[in-house]
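The values are calculated or read from the model by the stated rules, or taken from the named source; none is laboratory data. All values reported here derive from a predicted model rather than from experimental measurement. Cβ: placed from backbone, ideal geometry, glycine included. Neighbour counts: every protein chain shown. Quick note on the areas: whole protein, heavy atoms, side chains included, nothing else; ligands and nucleic acids left out. Shrake-Rupley method; radii C 1.70, N 1.55, O 1.52, S 1.80 Å.
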Amino acid sequence: MTDTTTPPNLPDAGTASRTRTLESGPPLLAVYGLKKHFKVQSKGLLGGQDKMLHAVDGVDFELRRGEALGLVGESGCGKSTAARTIMGLYPATEGSVQLEGRELTTLTRSEWRPVRRKMQMIFQDPYASLDPRQTVASILAEPLKIHRIGRAKDRKIHAMALLEAVGLNPRHIHRYPHEFSGGQRQRIGIARALALEPDLIVCDEPVSALDVSIQAQVLNLLGELQERFGLSYLFIAHDLAVVRHLCTRIAVMYLGRIVEIANREDLFRNPRHPYTKALLSAIPEPDPVRERNRERIVLQGDVPSPIDPPAGCAFHPRCPKYAAQPDVRCTTETPDLEEEHPGRRHEFACHLEHAATIPASESAGAP
Amino acid sequence: MALLDVQNLRVRFETHHGVVRAVDGVSFQLEEGETLGLVGESGSGKSVTNLALLGLIPSPPGVVEADALLFEGTDLAKLSEAQMRKIRGNDISMIFQDPMTSLNPLLTIERQLTEVLCLHKKMSRREAKKKAIQGLGDVGIPSPDKRIDQYPHELSGGMRQRVMIAMGLLCEPRLLLADEPTTALDVTIQAQVLELMKDLQARTGTAIILVTHDLGVVAGMSDRIQVMYGGRLVEMAPTLDLFAQPLHPYTRGLLGSIPTLHSHPGEDLDSIPGQPPDLADMPPGCAFEPRCAWKTERCAQESPPLRSLTQPETGAKRHSACLEIETLLQTPPSSAPVTP
């Protein structure tokens, strides 16, 4: 029979802080040297050679319990692939993913099951990620059913509580996805992710398909749920303003690698990587006075193909700093993420920025 | 005389679910060389307004009616399809949101670009190709003489959008309708394309109607902004004035909904509760009434007209379709309504 007789209780707002040991302790999720390469077939005249698409090409970060980490970058930078590889939806080519110290990349299918209870995902497209033939009741009860939690009646009560938690009417539990609007469907997707009381939710562009007024509702909901259930988020988005709103720590990706990672205040006040600077300056702001007077770094050209990424620093062909003072290392050595001031947790991967700051720190360290 | 004078434009679609009034009595003018931002969420009628101007609404199910659609004094609504074809792509052209579906994948860039020139300007193929290469160069496409022989799939998204812009501008139109021209693009590419549109406008003096849901984009690009909701214009104002003192609750809600690089992170956004209205089943009063924090009893009964007024302190000419406009004038933009 069932191994657990009662469904997990949704804690109320009063017991919220139980898991909120923010910013301390070992990381909840640790990702080291993660790579995901895809084989791309090319049909040449002589049979052709298979090429590798370097979607994720060495990603490192740690996410602490209670933290919301934003992973931002433009299309094709590998942020969604990184999320899916972390979730085990793609096998990793190389590297390590650890949840509470447990290695995930070597798990078998059946070993994954208990891990999924702790780690859930919200997808971008609220239309494609819900089965149109299932009622909301069965969508929300399914995770519990798979994990053999509760009896059918308990699961239904739980599903209604989940609907209420995401701001939907529990009486709509027998409706089908098409009877809801896009924003409401995204709420259902969030409720499904909450069903097993996970510690970590990986959100892949959860608001980018929604209209602004609805987007704000869903962002508020995600913030409220984090507080209420002590959740941690890995939040994938292309919109830096959205990420800034929800995440306390932010990583910027470019062509499969993290080029800068820092706490929110440091990243926005003192961006160090030339790509982060350009990205920040490119975001149009809903403020005509600011918008008309700001200095904009307009990058030239397009993002190069991850099939044949540039040697050295992948950003160098578009880098304004490299254009101003070309350095041979930018075209030969891939820069690593390095901390400038130990302990500040502000890391960036740029030869030129680091070179510029070395004399200062050396003289400071001299006796 | 205004370049464009739209009077009481109405577009409805007769569907199985009833009559959908996508555009419901929209009037506005546009001066030469001006950039007008048309803002609203999906289904607010902004794209349909543009399509109706160009006579591109399929009929059936669409029905377009207007008191007048004057372009340089000619009423577009009264033109035959053949006459309209002479204007489309020549005097008025359009840039669509998705360059992948609006470029023909089977034709080279050259064929697609030179078509308008051969048709409208009666150029020879050779002249047209020369002009098209120049046009591609103008929009910042590297080695345009090589790119022109390629097919759309050989270009990146940013480049395809630039091809669309080049195509829209080849005949040096008086009016360019840009429908979410940068929505499908990444921010760094968006910055390139917007910069380009500004440069081209400064050079050619083309008037632009920029349709977008992104208030950041219109803040930097447009002289004036019109906000649409449920098929109607709810607010119309010069850009600076609109952002400084929005005079419609919906505009205020939109501005409060967007996280920006300078808002307070972590705090709740002032989201607008509820859902946009169902265009097939509109409320009898103000379309925004069910979601509005400023509503009074009158709002559910009367559909408020777009009223004009002059803002006392700035002298700006403002329009708003809100019965509570006087109250809004006196309260700072970020404050909630005072409940008695």
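If you check B:L113, B:L117, which single one turns out to be of a type in the set (A, V, I, L, M) and closer than 25 Å to B:S47 by Cβ? Testing whether each residue is of a type in the set (A, V, I, L, M) and closer than 25 Å to B:S47 by Cβ leaves just B:L113. If only residues of segment B:31-46 that are of a type outside the set (D, E, K, R) and crowded, with 21+ Cβ neighbours inside 10 Å are counted, the one that is nearest to B:R174 (Cα to Cα) is B:T35. Would it be correct to say that B:G216 is small (G, A, S) and not in a loop (DSSP other than H, G, I, E, B)? Yes.
Given the criteria open to solvent by less than 10 Å² (accessible area, probe 1.4 Å), under 15 Å from the mean Cα position of the chain (by Cα) and within 30 Å of B:T212 (Cβ to Cβ), does A:V243 qualify? Here the answer is yes, as A:V243 does meet what is asked. Flag: B:I272 does not match the condition of being farther than 16 Å from B:I325 by Cβ, more than 7 Å from chain A (Cβ to nearest Cβ) and not hydroxyl-bearing (S, T, Y). Each residue in segment B:144-170 was checked for being among the charged types (D, E, K, R), in a helix (DSSP H, G or I) and touching a residue at least 40 places away in the same chain (Cβ under 8 Å), and 1 of them qualify.
Residues that are farther than 18 Å from B:E289 by Cβ and crowded, with 24+ Cβ neighbours inside 10 Å within segment B:237-257 comprise B:A237, B:L242, listed in sequence order. Go over the candidates A:A241, A:A209, A:A216 one by one and state the one that is more than 19 Å from A:L162 (Cβ to Cβ), assigned to a loop (DSSP other than H, G, I, E, B) and of a type outside the set (F, W, Y). After ruling out the rest, the residue left standing is A:A209.
Here is a list: B:L56, B:L69. Which entry is surrounded by fewer than 19 Cβ atoms within 10 Å (Cβ to Cβ), out of contact with any Pro (no Cβ under 7 Å at 6 or more places or on another chain) and aliphatic (A, V, I, L, M)? None of the other options fit; the residue is B:L56. Filtered by the rule that a residue be surrounded by 19 or more Cβ atoms within 10 Å (Cβ to Cβ) and touching a strand residue (DSSP E or B) at 6+ places or on another chain (Cβ under 8 Å), segment A:144-163 gives A:I149, A:G150, A:R155.
Taking segment B:250-289 as the range and being in a helix (DSSP H, G or I), in contact with a strand residue (DSSP E or B) (Cβ under 9 Å, 6 or more places away or on another chain) and touching a residue at least 60 places away in the same chain (Cβ under 8 Å) as the test, only B:L254 passes. Taking (1) open to solvent by 10 Å² or more (accessible area, probe 1.4 Å); (2) away from chain B (no Cβ under 14 Å) in turn, A:I173 satisfies each apart from (1). A single member of B:T114, B:T101 is without any contact (Cβ under 8 Å) to a residue 24 or more places away in the chain, under 26 Å from the mean Cα position of the chain (by Cα) and over 25 Å from A:Q300 (Cβ atoms), and it is B:T101. One residue is enough: does segment B:311-319 have a residue meeting the conditions in a loop (DSSP other than H, G, I, E, B), open to solvent by 40 Å² or more (accessible area, probe 1.4 Å) and polar (S, T, N, Q)? Yes, segment B:311-319 has at least one match.
Is there a residue being facing chain B (nearest Cβ under 10 Å), in a loop (DSSP other than H, G, I, E, B) and either crowded, with 21+ Cβ neighbours inside 10 Å or touching a residue at least 12 places away in the same chain (Cβ under 8 Å) (or both) anywhere in segment A:329-336? Within segment A:329-336, none of the residues are facing chain B (nearest Cβ under 10 Å), in a loop (DSSP other than H, G, I, E, B) and either crowded, with 21+ Cβ neighbours inside 10 Å or touching a residue at least 12 places away in the same chain (Cβ under 8 Å) (or both). In segment A:95-135, what residues are in a strand (DSSP E or B), farther than 13 Å from A:L200 by Cα and either modelled with pLDDT under 90 or of a type in the set (V, I, T) (or both)? Once the filter is applied, which keeps residues that are in a strand (DSSP E or B), farther than 13 Å from A:L200 by Cα and either modelled with pLDDT under 90 or of a type in the set (V, I, T) (or both), segment A:95-135 yields only A:V97.
Number of residues in segment B:212-232 that are under 24 Å from B:V139 (Cβ atoms) and more than 14 Å from chain A (Cβ to nearest Cβ) equals 0. Say whether the condition of being part of a helix (DSSP H, G or I) and charged (D, E, K, R) is met by at least one residue in segment A:68-84. The answer is yes; a qualifying residue exists. In this structure, A:A311 does satisfy being exposed (fewer than 13 other Cβ atoms within 10 Å of the Cβ) and modelled with pLDDT of 90 or more. Among the residues of segment A:265-294, those that are more than 12 Å from chain B (Cβ to nearest Cβ) and either open to solvent by 60 Å² or more (accessible area, probe 1.4 Å) or not in a helix (DSSP H, G or I) (or both) comprise A:N270, A:R272, A:H273.
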